[in-house]
Structure formats: C-alpha cells, structure tokens
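Novice: Quick one: the structure is below, and I'll ask about it shortly.
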Amino acid sequence: QLPCTVREFSEAAGVPASQVLRILMEEGVMATMNALIDDDLTELIAAELGVNLELKEAVSVEDELLASIRDRQDDEADLVSRPPVITFLGHVDHGKTSLLDRIIDIDVVSGESGGITQHIRAYTIEKDGRRISFVDTPGHEAFTEMRARGANVTDIAVLVVAADDGVMPQTEEAISHAQAAEVPIVVALNKTDLPGVDLNRAMQGLSTNGLLPSEWGGDVEVVKTSAITGDGLDELLDTVLTVAELHEYKANPNRQAMGTCLEAQQEPGRGVVAKIIVQNGTLRVGDVIVCGQSYGRVKAMYDTLLPNQRYEEAGPSTPVNVTGFDTAPGAGEHFYVLDDIADARTIAESRSDSHRKTALSGGVQHVTLETLFDR
Ligand code: GTP
Ligand code: MG
C-alpha cells in the first residue's frame with residue numbers, strides 16, 4: 001500500500017533496508033528508515049531491485065468507508081428543513097458576544113476573562129417556535145483558525161463592525177473567511193449608540209471591501225445595531241431569518257450523524273468534552289463515532305448553554321457537548337457515526353499512525369493560509 005516508508009518497503013519486498021537507502025541515495029534522496037517514499041520513487045526502487053510491485057489501492061479501506069458514508073446522497077423525501085446556523089464574525093471588541101447575549105438573553109461577556117472571547121461558542125435557541133443555531137467566534141487576531149472554523153460550519157455570517165472603529169484587520173479577515181465558505185453576509189453595524197460615530201465612514205470601509213450596502217445600491221444588508229440599547233436587534237434577527245428563508249436549509253434526520261468538532265478538551269472528572277455541531281443526521285447516546293484521530297462511543301450529550309441539561313439525541317444544526325471520545329479530537333475535524341466500534345478504532349489509529357509517520361519523516365508540512373497568518 002502506498003505511500004509507504006523505507007522500512008515497510010524493505011519488509012514487504014524482502015530486501016535489506018540498506019539497499020533501498022542506497023538506491024535512494026543514488027537518486028539524490030537522503031532518507032531515513034521511517035521516511036515516506038512517494039509512489040514514483042517506490043516504483044523506481046522496485047524496478048532497480050527487480051521486485052514485482054503489487055500496487056494496492058492508494059485509498060485505504062477506512063477512507064473508502066468514510067467516503068461512502070459522506071457521499072451517500074439523501075433521498076429527497078427524507079429531507080426536512082433544519083435550523084439555520086448563524087455565525088458572528090468580526091474584529092475584537094466590536095460587540096459579537098454582546099449582540100448574541102442580547103439576542104439569546106444570557107450574559108456571557110461579563111464572565112469572559114479580559115472581556116475577550118477565547119473559545120468558539122455555539123448555541124441553539126427557539127424564537128417564535130423556530131429553532132436557530134448561533135456560533136460566536138473570537139475576534140482577537142490570535143484566533144484566525146477559530147474564525148475560519150466558524151465560517152465553515154455556518155449558513156449565514158453576521159459580520160459585526162463597530163461604528164466607531166469601522167472596518168479593521170480582523171473584519172477584513174472575517175470577510176475573506178465568509179467569502180471562502182461561500183456564505184451570505186449580513187452586516188451588523190454596531191455601537192451606533194456611541195455619540196458622534198460616523199456611520200458613513202464605516203459604510204465606506206465596507207464598500208471598499210466588496211460589501212456594498214443595500215442603501216447604497218448594493219446587495220449587502222447593513223443593520224444598525226446597539227447591543228447596549230437593544231436598537232436594531234429585532235431587525236438584525238429578521239434580516240438574518242429572511243436570508244435563511246430564501247435558502248431553505250435541509251437535512252436528513254434519519255441517517256447516522258455527521259458534522260464538525262468545534263473544539264475539544266480534557267476536563268477533570270469528565271474526560272474528553274468535545275463541542276460538536278451535527279450537520280446531517282441524528283446523533284444519539286451510544287453511537288459509535290470517529291473524528292480525526294479520535295473515536296469512541298457517545299457517552300452523554302449536554303446542552304451548550306445549560307451544563308446540566310442532557311440529551312439523548314441531537315439532530316441537524318444542533319451544537320452539543322459530547323463525552324465519550326478516547327482523546328480530544330482536533331478542532332475543525334469532521335466526525336462520522338459508524339456501525340462498528342472496531343472500524344472506528346481502525347480509522348482513528350491508522351490516522352494517528354500516518355500522522356506519526358509524517359512527523360517522523362519530517363515530511364509533508366501543511367502550511368495553510370491560516371497557519372501562515374497565525375504566526
Ligand atoms: P471578542 O469576542 O473579544 O472579539 O469581542 P466581541 O466582539 O465579542 O465584543 P464584546 O461583545 O465582548 O464587546 C466588547 C465591548 O464593547 C464590551 O465592553 C461591550 O460592553 C461593548 N459593546 C458591545 N456592543 C456595544 C454597543 O452596541 N454599544 C456600546 N456603546 N458598547 C458596546
Ligand atoms: Mg466575544
């Protein structure tokens with residue numbers, strides 16, 4: 001199976017590793033026993049050694065299994081509408097958490113250290129009998145990755161821009177995340193209660209960043225809000241819900257769940273707690289679940305707002321805190337429910353295996369735009 005390491009090749013081909021290393025050296029490749037050799041090199045070595053290379057499918061059985069789950073199309077008849085997922089993005093301190101607090105009628109801001117959001121938060125609320133899921137992301141520049149994650153699980157991005165500050169670096173970054181995720185953007189022009197704010201300047205900033213406000217003839221809804229007075233909040237929610245209605249988000253609750261891990265950590269006395277959002281299907285207590293290099297059986301599910309509220313199941317667009325994973329899954333990893341715990345273990349282990357191999361060989365380093373910006 002390819003790609004393989006020098007050691008694996010020599011074992012499979014029954015030739016000493018030193019011979020493989022020598023051929024590699026002749027090709028100008030300095031490798032170690034655990035280095036991954038790519039397909040071309042493997043073929044070349046096989047030819048040099050005169051061994052017959054029987055190529056197995058490069059896609060592993062595990063990946064095939066997951067792909068078959070992921071790609072399984074839902075019957076039109078099984079699709080029902082699901083709550084929209086709405087993510088608040090924007091520059092630090094522009095009022096994302098305050099606006100959400102007002103909307104869902106809780107107080108998160110005053111419990112935050114230094115008033116800065118450092119986690120990705122997700123809540124489902126019911127408004128006039130309809131459920132809506134919200135994701136709150138941090139605006140501090142250090143949390144680029146969390147903004148990207150928020151943008152990736154969302155249906156609609158609410159871009160929060162403080163009227164006194166206008167468009168700032170993380171506002172621009174949030175715009176690119178939302179655009180990359182191809183989700184509609186609604187702007188909350190916030191802190192309009194502050195005396196002497198120049199709304200036109202902020203609108204100008206939006207326009208130069210490709211978001212032309214509808215009152216200026218563009219197609220971006222800009223709602224003027226204040227999290228302090230509550231002004232514009234109803235309008236903001238209405239605007240977002242109108243956009244949501246245009247799209248008719250649907251999912252199939254009658255299949256095994258799949259979704260994304262937003263964040264996860266080890267908690268004293270509880271084990272691994274993973275905040276996940278179900279994107280399709282229904283997740284149930286007892287389900288076998290695999291997420292990146294982690295797997296397990298869902299032990300319990302808790303409300304993301306009320307820590308003592310437990311659930312037996314969570315349907316599409318629902319964020320929940322899940323216990324039962326063996327290790328903390330990577331944030332942003334997709335999760336899948338499988339029938340067989342042995343499959344889940346194999347997948348998780350083979351992933352951590354190849355992860356380890358890559359690390360050992362010092363090979364493939366995935367440098368993404370995000371990690372570049374993070375530095
Ligand atoms: P991060 O999560 O750290 O990115 O910040 P945030 O965007 O969530 O901002 P947060 O809601 O924590 O608000 C930052 C500060 O601005 C707090 O002191 C709020 O009280 C204040 N604030 C938020 N919204 C308004 C508003 O509409 N008007 C005024 N005057 N102050 C506001
Ligand atoms: Mg915040």
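Novice: Pop out the carbon and sulfur fraction of the accessible area of the range 1-144 as a percent, whole number, probe 1.4 Å.
Specialist: 46
Novice: With +1 on the Cβ of every Lys and Arg and -1 on the Cβ of every Asp and Glu, and nothing else charged, how large is the dipole of the chain about its Cα centre, in debye rounded to the nearest 20?
Specialist: On the way: 30 positive and 61 negative charges, 181 e Å.
The calculated dipole for the chain is roughly 860 debye.
Novice: Let me ask something else about it. Using the Karplus equation 6.51 cos²θ - 1.76 cosθ + 1.60 (θ = phi - 60°), what ³J(HN,Hα) coupling, rounded to whole Hz, does each residue of the range 82-98 give in order, writing x for Gly and Pro?
Specialist: 10, x, x, 9, 10, 10, 8, 10, x, 5, 4, 6, 7, x, 4, 5, 4
Novice: Also, I was wondering about something else. Can you give the accessible area per residue of the chain, in Å², using a 1.4 Å probe?
Specialist: 49
Novice: What's the extension gain from ASP128 to THR208 if we count 0.36 nm per residue and subtract their Cα-Cα distance?
Specialist: 25.1 nm
Novice: Going by accessible area, probe 1.4 Å, with all protein chains left in place, what is the ranking of LYS224, LYS299, LYS96, largest first?
Specialist: The most accessible residue leads, giving LYS299, LYS224, LYS96.
Novice: P(r) tail for the range 88-143, what percent of Cα pairs lie past 17 Å?
Specialist: Details: 506 of 1540 pairs.
Result: 33 percent of Cα pairs exceed 17 Å.
Novice: Kirkwood Rh, the range 229-339, all Cα pairs: how many Å?
Specialist: This gives a value of 14.8 Å.
Novice: What do the square roots of 5 times the Cα gyration tensor eigenvalues come to for the range 176-229, in whole Å, largest first, as semi-axes of the equivalent ellipsoid? Walk me through the intermediate numbers first.
Specialist: Numbers: eigenvalues 89, 35, 18 Å².
Over the Cα atoms of the range 176-229, the ellipsoid semi-axes are 21, 13, 10 Å.
Novice: Another question, then. Which order do peptides 175-187, 209-221 fall in by mean Cβ count within 10 Å, highest first?
Specialist: Result, highest mean first: 175-187, 209-221.
Novice: How big is the range 103-240 along each principal axis, measuring the range of its Cα positions in Å and listing the largest first?
Specialist: Here the Cα extents, ordered largest to smallest, are 33, 33, 31 Å.
Novice: To continue, here is another question. Loop only by DSSP, 15 or fewer other Cβ within 10 Å of the Cβ. Give me the GluC sites (Glu not before Pro) in the range 281-338 that pass, ordered by residue number. Walk me through the intermediate numbers first.
Specialist: Details: sites: GLU312, GLU313, GLU333; in loops: GLU312, GLU333.
Sparse-neighbourhood loop GluC sites (Glu not before Pro): GLU312.
Novice: Find how much the distance from THR32 to ASP164 grows on full extension, using 0.36 nm per residue of separation minus their present alpha carbon separation; answer in nm with one decimal.
Specialist: Extra length from THR32 to ASP164 when fully extended: 41.8 nm.
Novice: Could you state the number of Å between the C-alpha centres of the range 236-267 and the range 181-200?
Specialist: Between the Cα centres of the range 181-200 and the range 236-267 lies a distance of 24 Å.
Novice: In addition: Please state, as a whole number in µm²/s, the translational diffusion coefficient that the Stokes-Einstein equation yields for the chain at 25 °C and 0.890 mPa s, with Rh defined as the Kirkwood radius across alpha carbon pairs.
Specialist: 106
Novice: Let me ask something else about it. Amide H to amide H under 5 Å from GLY139: which residues, 5+ apart in sequence or cross-chain, H placed 1.01 Å off N in plane?
Specialist: Amide H to amide H, under 5 Å and 5 or more residues apart or across chains, GLY139 pairs with ASP93, THR117.
Novice: Using modelled backbone amide H atoms (1.01 Å from N, in-plane), which distant-in-sequence or interchain residues come within less than 5 Å of THR327's amide H?
Specialist: Sorted by chain and number, the residues that satisfy this are TYR295.
Novice: Between GLU76 and GLN19, how many nm apart are label points set 7 Å from Cα along the C-beta direction?
Specialist: 6.1
Novice: Between ILE86, ILE277, ILE45, where does the largest GNM mean-square fluctuation fall for the chain, given springs only between Cα atoms within less than 10 Å?
Specialist: Judging by the Gaussian network model, the answer is ILE45.
Novice: Beyond a 25 Å Cα-Cα separation, which of these cross-linked pairs lie in this structure: LYS127/LYS275; LYS96/LYS127; LYS96/LYS275; LYS127/LYS250; LYS191/LYS250; LYS96/LYS224?
Specialist: LYS191/LYS250
Novice: Quick one: ranking THR32, THR5 by accessible area, 1.4 Å probe, largest first, what do you get?
Specialist: THR32, THR5
Novice: While we're here: With a Cα-only, solvent-free Debye model of the range 47-167, what are the log10 I(q)/I(0) values at q = 0.13, 0.17, 0.22 Å⁻¹?
Specialist: -0.67, -0.92, -1.22
Novice: Turning to a different aspect of this structure: As I understand it, the dipole of the chain uses +1 on the Cβ of Lys and Arg and -1 on the Cβ of Asp and Glu, about the Cα centre. Which of THR42, PRO16, THR323 lies farthest toward its positive end?
Specialist: In the chain, that residue is THR323.
Novice: Counting only protein heavy atoms and using a 1.4 Å probe, what share of the accessible area of the range 223-350 belongs to carbon plus sulfur, as a whole percent?
Specialist: Roughly 46 percent of what the probe reaches on the range 223-350 is carbon or sulfur.
Novice: To continue, here is another question. Would you mind working out the magnitude of the charge dipole of the range 101-255 relative to its Cα centre, with +1 at each Lys and Arg C-beta and -1 at each Asp and Glu C-beta, to the nearest 20 Debye?
Specialist: 440
Novice: Let me check something: with ligands and nucleic acids excluded, how do HIS119, HIS140 order by accessible area (1.4 Å probe), largest to smallest?
Specialist: Descending order: HIS119, HIS140.
The values are calculated or read from the model by the stated rules, or taken from the named source; none is laboratory data. Keep in mind it's a predicted model, so treat the numbers as computed, not measured. All Cβ positions, glycine included, derive from the backbone under ideal geometry; neighbour counts span all protein chains shown. Note: accessible area is taken over every heavy atom of the protein model, side chains too, but ligands, DNA and RNA are not part of it. Shrake-Rupley method; radii C 1.70, N 1.55, O 1.52, S 1.80 Å.
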